[in-house]
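Since the structure comes first, as structure tokens, the remarks are kept for the end.
The values are calculated or read from the model by the stated rules, or taken from the named source; none is laboratory data. Computed from a predicted structure; not experimentally measured. With ideal geometry, Cβ positions are generated from the backbone for all residues, glycine too; neighbour counts draw on all protein chains shown.
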Amino acid sequence: MEVIAFYTFAIAIIASFLIVVTSKNVLYSMSALASGMVLISGLFFLLNAEFLGVVQIIVYTGAVIALYAFAMIFFDSAKDVKESRRSRAIFLLSTFSSILLVLLMTIPMSSDAVSALYPMHQDVGNAQDVGMVLFTKYLIPFEVAAVMLLVAMVGGIVMAGKKMDRYLGNDKEEISK
Amino acid sequence: MLEKITIPLEALNLPTLIPMLIAVAGGLTILVVDLFKKDLDKSLYIVLSILFLTMDLGAVFDLELNQRGFFNVMLIDGIAVISQIVMIIASGLFILFAFSSQRFHEYRYPEFFALFLFMTAGFQFMVASDNLILIFVGLETASLSLYTMMVLHNKDKSFEAAIKYFTMGAMAAGFYAFSAMVFYGLTGSVELYKIFEVLHMRGFEPMILVLVASIAMLVSFGFKLAVVPFHTWGPDVYEGSSAALAGYISVVPKVAGFVVVIRIFEGLINLGIDWIEYILYGIVVLTMTLANIWALVQNDVKRMLAYSSISHAGFVMAAIMIGTTQANSGIFLYWILFAFTNLGAFAMLWVSHKRDAKYHERFDHPFEKFSGMVRLMPVGAVMMGLFMITLAGVPPFSIFWGKVYLISSAVNAGYIVLAIIMVLNSAIAAYYYLKLVVHMFLKEPITGRDGSVYMANASTSLKVVLGIAAFFTIASIFFVSPILDFTSFYMAMSGF
């Protein structure tokens with residue numbers, strides 16, 4: 001039963017990410033990306049990692065929706081895009097090499113048991129477990145990630161600010177070209 | 001239910017975190033000051049940055065060596081301390097470049113200085129850990145700040161440079177994450193000492209996966225350190241960002257990169273994985289040689305310096321590959337000497353930055369700009385000439401000692417061919433540095449110009465920076481031995 005579910009999800013994920021990279025229409029790509037992200041959460045649920053599954057849906061799918069909005073702003077989505085079918089050789093080649101890569105990676109990994117540094121506890125939900133590790137062992141990376149987000153926010157606001165256009169064109173004193 | 005855990009505060013070892021916290025607090029202070037009072041002069045922010053960097057440096061000196069903190073995530077060993085010292089001092093000197101007499105777009109933003117301090121904190125986190133996750137987060141914090149600071153220069157070329165750097169950086173981050181994932185899959189840990197332990201215990205089986213992970217890691221840091229064949233963004237980024245920031249990029253981020261490469265690859269080489277050594281050997285030779293050959297054909301001084309710093313990075317990578325204690329203490333010796341010389345060279349470019357002055361269709365600092373400089377401005381020409389022959393490795397100036405030390409460590413470790421390649425490359429490099437010297441001392445000046453061009457952007461603090469760089473370069477013969485003792489001590493403390 002689990003095996004069937006796994007393969008169904010796996011095939012659907014690969015199919016949707018293939019659409020993401022091959023489609024020329026940005027809205028198709030975005031929708032496929034969103035569905036791929038949701039499908040990945042299915043794998044987490046299969047592995048009894050409900051917490052990560054939910055986070056996957058909230059974080060990634062939320063991010064994709066923001067991307068969606070940007071794609072609508074930047075590209076003319078009404079325009080008809082012709083899907084190119086010419087690069088079949090590259091397509092086949094890349095499929096083949098990616099399958100090979102996956103085989104390469106997974107077969108040895110599954111063959112011998114690797115013990116995790118922080119194994120799950122049997123009788124607790126994994127939200128508690130993840131929280132316990134996140135706020136003890138990984139407290140510092142977690143806080144530094146907060147600084148990173150602050151940096152990204154400051155950077156984004158500064159770059160999108162009005163001052164950037166005002167001085168680019170007309171302030172003689174500033175611009176040397 | 002999980003049982004409740006209590007952690008005594010002493011067990012966290014808070015002092016390990018103090019230097020980075022000071023830098024982060026500095027960045028936040030600058031943001032808050034800007035909130036309360038708009039349009040303050042940039043000099044306030046520069047001084048605040050220097051103040052916080054000084055406190056940061058003091059806190060680093062105060063650290064006890066060889067301790068871990070915060071559940072073993074923070075690691076303060078010798079290499080972490082010395083690299084933080086080098087990075088903070090170099091950052092402090094480069095932020096002085098902001099005291100330019102002309103006004104520039106980026107210095108209107110208090111955020112520029114806040115980002116600068118966040119970036120310093122990011123690099124500090126990166127070197128003070130052997131946890132792959134913290135290294136990654138620190139690296140990204142620093143890189144994001146750097147991209148933004150590059151854009152704030154606000155010219156077409158700087159946008160291009162930032163986008164290029166961002167795309168390459170994103171790719172490098174992807175490779176890093178991939179590599180960390182494979183290491184985790186192999187060993188069940190993201191901590192380097194544990195990874196090495198498990199790999200060693202299992203005799204590196206399955207070899208193919210260790211290969212995949214190491215190559216991905218190498219590609220990632222190849223991009224960050226701009227070693228051939230991952231260097232393509234380098235010269236464009238140097239060209240697009242201001243000379244002040246280009247000088248910074250050529251020194252500080254690379255220190256952080258070197259530290260992580262030392263931690264990962266020397267660990268792997270010490271475990272006895274031969275092919276990593278062969279791959280690194282190839283990269284080192286390519287980086288030194290090809291970057292030198294490309295530098296020969298550049299028409300722009302800044303692009304030439306970009307290729308030259310790639311080639312210098314190749315020298316340091318050679319030391320990392322050799323991996324003996326002598327080579328390792330040579331890494332920081334070489335890089336400290338290089339940092340001061342490069343500081344001087346980029347400061348000269350920065351003081352000669354003049355708006356409206358057009359020397360070339362495309363480049364800001366073509367060689368022709370410096371033609372006949374000795375007649376117009378003898379002191380400046382002598383300074384620039386000094387930095388150029390120092391970069392070329394002419395004795396008795398600073399980089400010569402670094403080169404000698406690295407080459408001798410190569411010979412001592414039995415890498416005779418590598419030593420010969422290093423010597424040959426120093427000879428090739430002399431050609432393009434001397435090209436600028438020839439332009440300055442032997443060509444006729446372009447008519448209708450006076451010497452003020454070369455000092456258009458100068459101010460007292462920039463002259464002081466130039467003076468420091470020149471003094472350090474000339475007098476380095478007296479400093480080399482103490483610096484070497486210093487670096488050897490710290491490297492030996494961390495067991496490299």
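Among the residues in region B:74-85, are any more than 30 Å from residue A:157 (Cα to Cα) and charged (D, E, K, R)?
The answer is yes; a qualifying residue exists.
Out of the residues in region B:179-205 meeting the condition of being assigned to a loop (DSSP other than H, G, I, E, B) and within 11 Å of chain A (Cβ to nearest Cβ), tell me which one is nearest to residue B:132 (Cα to Cα).
Of everything passing the filter in region B:179-205, B:190 is nearest to residue B:132 (Cα to Cα).
Of the conditions (1) away from chain A (no Cβ under 14 Å); (2) assigned to a helix (DSSP H, G or I), residue B:228 clears all except one; give me its number.
The one condition residue B:228 does not meet is (2).
Is it the case that region B:208-218 has a residue that's touching a helix residue (DSSP H, G or I) at 6+ places or on another chain (Cβ under 6 Å), crowded, with 24+ Cβ neighbours inside 10 Å and away from chain A (no Cβ under 14 Å)?
Yes, region B:208-218 contains a residue that is touching a helix residue (DSSP H, G or I) at 6+ places or on another chain (Cβ under 6 Å), crowded, with 24+ Cβ neighbours inside 10 Å and away from chain A (no Cβ under 14 Å).
Select from region B:133-175 the residues that are more than 10 Å from chain A (Cβ to nearest Cβ) and under 24 Å from residue B:267 (Cα atoms) and list them in ascending order.
B:172, B:173, B:174, B:175
Among all residue pairs at least 6 apart or on different chains, which show Cβ distances below 9 Å where the first residue, located in region B:365-382, is over 18 Å from residue B:458 (Cα atoms) and the second is of a type in the set (Gly, Ala, Ser)?
Hits for this filter: B:372/B:381; B:375/B:381; B:375/B:451.
Out of region A:134-154, which residues are more than 7 Å from chain B (Cβ to nearest Cβ), surrounded by 14 or more Cβ atoms within 10 Å (Cβ to Cβ) and aliphatic (A, V, I, L, M)?
The one that is more than 7 Å from chain B (Cβ to nearest Cβ), surrounded by 14 or more Cβ atoms within 10 Å (Cβ to Cβ) and aliphatic (A, V, I, L, M): A:150.
Going through region A:18-55 one residue at a time, which ones are buried (at least 16 other Cβ atoms within 10 Å of the Cβ), within 14 Å of the chain's Cα centre (by Cα) and within 30 Å of residue A:125 (Cβ to Cβ)?
A:33, A:34, A:35, A:36, A:37, A:38, A:39, A:40, A:41, A:52, A:53
For region B:438-459, state whether one or more residues are within 26 Å of residue B:314 (Cβ to Cβ) and touching a residue at least 24 places away in the same chain (Cβ under 8 Å).
The answer is yes; a qualifying residue exists.
Tally time: how many residues in region B:464-477 are closer than 16 Å to residue B:352 by Cα and touching a residue at least 60 places away in the same chain (Cβ under 8 Å)?
Of the residues in region B:464-477, 3 are closer than 16 Å to residue B:352 by Cα and touching a residue at least 60 places away in the same chain (Cβ under 8 Å).
Consider residue B:125 against the criteria (1) crowded, with 24+ Cβ neighbours inside 10 Å; (2) touching a Pro at 6+ places or on another chain (Cβ under 8 Å); (3) within 8 Å of chain A (Cβ to nearest Cβ); (4) of a type outside the set (Gly, Ala, Ser): it satisfies all of them except one. Which criterion is unmet?
(2)
I'd like to know if region B:324-333 contains one or more residues that are within 14 Å of chain A (Cβ to nearest Cβ) and crowded, with 23+ Cβ neighbours inside 10 Å.
no
Go through region B:271-293 residue by residue and tally those that are in a helix (DSSP H, G or I) and free of Cβ contacts under 8 Å to residues at least 24 places away in the same chain.
Total satisfying the criteria: 3.
Against the definition (within 26 Å of residue B:168 (Cβ to Cβ) and among the polar types (S, T, N, Q)), how does residue B:189 come out, yes or no?
Criteria not met by residue B:189.
Could you check region B:353-399 and list, in sequence order, the residues that are among the hydroxyl-bearing types (Ser, Thr, Tyr) and modelled with pLDDT under 85?
The answer is B:359, B:371.
Mind checking which residues of region B:92-122 are within 12 Å of another protein chain (Cβ to nearest Cβ), closer than 15 Å to residue B:60 by Cα, touching a residue at least 40 places away in the same chain (Cβ under 8 Å) and not aliphatic (A, V, I, L, M)?
B:120, the sole residue that qualifies.
Mind listing whichever residues of region B:454-478 are surrounded by 12 or more Cβ atoms within 10 Å (Cβ to Cβ) and farther than 18 Å from residue B:97 by Cα?
B:473, B:474, B:475, B:476, B:477
Within region A:58-153, which helices (runs of 4 or more DSSP H) (wholly inside it) include 3 or more residues that are modelled with pLDDT under 75 and not polar (S, T, N, Q)?
A:88-111
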